[in-house]
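Notes for the one structure printed next.
The values are calculated or read from the model by the stated rules, or taken from the named source; none is laboratory data. On a predicted model such as this, the values are computed, not experimentally measured, just so you know. Quick reminder, even Gly has a Cβ in these numbers, built from the backbone with ideal geometry, and neighbours come from all protein chains shown. Just so you know, the surface numbers come from the protein's heavy atoms only, side chains and all, with ligands and any DNA or RNA stripped out. Shrake-Rupley method; radii C 1.70, N 1.55, O 1.52, S 1.80 Å.
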Amino acid sequence: MTKHANHRTSVSALIGSAVVDAQGGTFGHVREFAVAPSIDAAHIHGIVIKLVSAKRGDRHSLVPVPHLHLTPTGALQLRETAKPTPLPDDESYLLLERDLLDQQIIDVHGHKVVRVNDVDLVWENCEENGSQTGQPLSLRISEVEVGMRGAVRRLLKGLPKEPVDRIAARFGASCIPWDFVDLIDRDPARRVRLKVEEDRLSKMHPSDIADILEELAPAERNALFISLDEEVAAEALEEVKPKMQQSLIESLDSEQIAGIVEEMDPGAAADLLSELTDERSEAILEEMDPEERQDVEDLLEFSGNSAAGRMTTEYVALPAAVVVDQAINALRDFEGDIETITDIYLLDEEERITGLIPIVQLLLAKPGVPLSTLPQGHIVSCNVDANGRKVAELFDKYNLRSLPVVDHERRLDGVVHAEQVIALLRAGR
């Protein structure tokens, strides 16, 4: 049996179209498209049909797509073996018109937020002669329309297909492949069901996630934020502005926030808590693990515009007698953001800096060589009281990647990384 090419259609084109029974009588009209994300997020599981004649409480039936076929005229017809069932009310399905059209979605490929105007669908395994034999029909979700073409098709919904297609064709296509879409919903209880792939956002750069959060309306923004795991949420939270940070954590309880704050850089965490009321900040600190809490509490004592207020306590500092392989093990055991580590600090018994070893030197050295014998970088430091302008000047003058911050006894208290200085300059301080 021969087949013609797969037939393209759309949600707006099919909504309201007639469905006939096996004898050719009108069974009902297309009302919705049900997707079962946990089974197959790329295909329509079943079509919701509003019945022509039914009892008041049972007006909609769910018909699996394989139980339908296309007639030679393109009409939908129930197969003789079709078994329509009542539409379940347990929210187990994603309904395309209700849950997707006019909604904000994330284009995870383009790293932006867009609004859905239509959804393009493809009938697969279409049979040329309309027979009810052969491979079962399937309806694949192809693309999401986010431009004027989809908007025009929605506006002219219900009119004959050919003139609608001619008018819509005057507008260029602006589509996102379904594979590049992540869905958002305001209701936290439904957000997992609405996610096509939950791990997509975790693969994006935190700055891109921050940009997306700032583009969303408040309800969608909060739903998206609480769907992130704690580590990703922490990285994204560090990238947004203070006012946005407060908005994102406003609806979370202290235990939830504490889990996120523990994953943040201690300096960024201190900046966040310093913007909250004392009562709110203290409640969050009480929920944190003792070690992380102490690091943040120590930094909260300093002014946000001082070097100490901008530093982090996540760095690698070792005794001068340590050898290369021990230093490498220390890096492996480091629990902070390893990407920020550019140097290892050598300390004396009083925790004063005696040397600075660029990480690259570890790659070139033999395992048993003492760190103190390796080529060292110039030690440039600042006092805990140094203001933001002084810190920025030191980074600029010496082309620093990191700046150790010392107390009045010259003991190492923390480190300012280049990213903190960039944030400082962007804030205009």
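Details
- Sorting 277-283, 45-51 by their mean Cβ neighbour count within 10 Å, with the most densely packed peptide first, gives 45-51, 277-283.
- Candidates 87, 364, 318, ranked by Gaussian network fluctuation over the chain, Cα under 10 Å, top entry: 364
- Most fluctuating residue given options 180, 225, 334, as computed from a GNM of the chain linking Cα atoms under 10 Å: 334
- The antiparallel fraction among DSSP beta bridges confined to the chain stands at about 90%.
- FRET efficiency, 1/(1 + (r/R0)^6) with R0 30 Å, evaluated for residue 289 and residue 376 via beta carbons: 0.30
- Segment 254-292 and segment 56-108: distance between their alpha carbon centers, rounded to Å: 46 Å
- Simple spin-label estimate for residue 42 and residue 317 gives 5.3 nm between the two label positions (7 Å along the Cα-to-Cβ direction from each Cα).
- Spin-label proximity, residue 243 to segment 201-232 - amide N less than 18 Å from point 7 Å beyond Cα toward beta carbon: 210-219, 221-222
- Listed by number, the DSSP H helices of the chain that run 30 Å or longer by alpha-carbon position along their axis and have mean Kyte hydropathy of at least 0.5 come to an empty list.
- Cut-off 12 Å between beta-carbons: net charge of the residues surrounding residue 395, Lys and Arg +1, Asp and Glu -1: +2
- Relative pair counts by distance (%), Cα atoms of segment 290-425, 10 Å bins: 12, 43, 35, 10, 0
- Exposure of residue 73 as accessible area (Å², to 10), given a probe of 1.4 Å and all protein chains: 120 Å²
- Taking the chain and dividing mean pair separation by its residue count, relative contact order in percent (alpha carbons under 8 Å, at least six apart): 10 percent
- Accessible area of the chain divided out per residue, in Å², using a probe of 1.4 angstrom: 52 Å²
- Virtual spin-label span in nm between residue 112 and residue 333, 7 Å along Cα→Cβ: 4.8 nm
- Pairwise centroid distance, computed over Cα atoms, of segment 224-248 with segment 353-429, Å: 28 Å
- Check: segment 267-364 dipole with +1 on Lys, Arg Cβ and -1 on Asp, Glu Cβ, in debye: 580 debye
- Among beta bridges that DSSP assigns inside segment 305-429, antiparallel share in %, nearest 5: 75 percent
- Choice from 30, 181, 322 with maximal GNM fluctuation in the chain (Cα, 10 Å cutoff): 322
- Within the accessible area of the chain (1.4 Å probe), percent carbon and sulfur: 48 percent
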